[in-house]
Structures are given as structure tokens and as C-alpha cells.
1. Between THR127 and ARG101, what is the FRET efficiency for a Förster distance of 30 Å, r being their Cβ-Cβ separation, to the nearest 0.05?
2. Can you pull out the trypsin sites (Lys or Arg not before Pro) in segment 114-171 that DSSP calls coil and that have at most 15 other Cβ atoms within 10 Å?
3. Build a GNM of the chain with springs between Cα atoms under 10 Å: which of SER42, SER106, SER55 gets the top mean-square fluctuation?
4. Based on other C-beta atoms within 10 Å, arrange CYS66, CYS50 from fewest to most.
5. Using the basic label-point model (7 angstrom from Cα toward the beta carbon), what is the ALA21 to ASP120 distance in nanometres?
6. Using the crude model of +1 on Lys and Arg Cβ and -1 on Asp and Glu Cβ, and no other charge, please compute the dipole size for segment 5-190 relative to its Cα centre, in debye to 20.
7. Tell me, what HN-Hα J-couplings in whole Hz come from the Karplus equation 6.51 cos²θ - 1.76 cosθ + 1.60 at θ = phi - 60° for each residue of segment 62-72, using x for Gly and Pro?
8. Would you kindly compute the Cα radius of gyration of segment 45-198 and its largest Cα-Cα separation (Dmax), both in Å?
Amino acid sequence: MSSTAISERVRPAPAGPTDAALVIAARAGEAWACEVLYRRHSGTAYGLACRMLGSRTDVEDLLQDCFLTAFATLDRLDDEGAFRGWLCGMVVRKTSKLIRRRSLLSRLGLRRSLPPPDLDSILSRSTPPDIAVELRQLYARLETFPGDLRTTLLLRRVDGASLEEIAQLTGASLATVKRRLKKGNTMLQDGEGGSGDE
């Protein structure tokens, strides 16, 4: 399954030029194409980053960094039509890196503590109460998990991503994703946490 699959479930295909046409135009220096790509995909990227972080804190800066990186490295995108999946992978990897950095700074005493999840800011008002409680418990448990395990579990349990999608979004092998899921699920069942990364 392609890396666009997870984001395709979130939003229907937009009207207007295809992503492939926009990427080609953006590579040619057309600023309007970058703007259309941003408007088309910023909502998906924003939601994904919020779900990975558990709050809206730092999401704007993270997204700005992701889009700047994406536009500066468009020549690395092999399939022009896969911009959305490529961007989502970038969001996941940069979010995971931010989580690891925050955790390290906290362990070194250079940061008071990790910001607690602010699920009220990301949950829909129509979220059923039992689902909201389950999500709060999951995010609270994952706060002490290593960044890579946390990211993998959130992609699987919150976004419903397949193993192949998680591998593409995180840049890990399928075997690594399976190992992380097994370890993370075991830690959740056993009530364990941790402070270090894999």
C-alpha cells in the first residue's frame, strides 16, 4: 500500500490540478503551486501532528519546518503524485524527533517536564465519552514510552495505520515496526513505561 493511503482516508481527492502537476510546477519555481500544495495538505498534516504530540503545542512551528523542508527538497520526491504521503512521513519523523528531544532534555534536567497531553484541544466535541476516556488513558500511558514506540503505537491505535503504512511513514522496516508494536503492546499490558529510546 502506498504512503498516501493513510492520508487518503482522511480527505477526498481535491479538485483542480493534481498533486503531480503542482509538484512539477513548484519544482519549476512557481510559488502559486507551493501555496496550493500547502492549502491542500496543511489540514491533514496539522491533524497528524496534533495526534502524534497529543496537543496543539508546537504544531505550527513543526508544520512550518515540514513544509519548508518539503519545498526545499522536492527534487527528492520520486513520485510527484505521492506528495501527501511524503509530507505525512516527514511530519511523523519530525514529530518523533521532537518527542525524543523533549524527553532527553527532561531527563538531563534542561527542561522541567514534558508538556502533558491536551486532548481537549484535539478531540472533536462529537467524540463519544467512552472513546475520549480511552484516548486519555492511552496518551497518559504513552507519555513515558520511548519516542519510536510511542509514535508506532499512536499510528496504529489512533490513526488505524496498517503495518506497511507505519513502515513508510516512519522510515522503518516492516520487521522493525512489528517489533516495536509487540514491545509497545507488551509494555501497555504490563503497565510499564520507560524514559529512553529504543
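Coordinate-derived values only; no laboratory data. Fair warning: this is a prediction, and the values are worked out from it, not measured in the lab. No Cβ is skipped: glycine too gets one built from the backbone with ideal geometry, and neighbour counts run over all protein chains shown.
1. E between THR127 and ARG101, to the nearest 0.05, is 0.50.
2. ARG125
3. The residue with the greatest mean-square fluctuation here is SER106.
4. Ordered by Cβ neighbours within 10 Å, fewest first: CYS50, CYS66.
5. Each label point is offset 7 Å from its Cα along the Cβ direction, giving 4.5 nm.
6. Approximately 860 debye in magnitude.
7. Rounded to whole hertz, the list is 4, 5, 4, 4, 4, 5, 4, 5, 4, 5, 6.
8. Rg then Dmax for segment 45-198, in Å: 15.5, 45.
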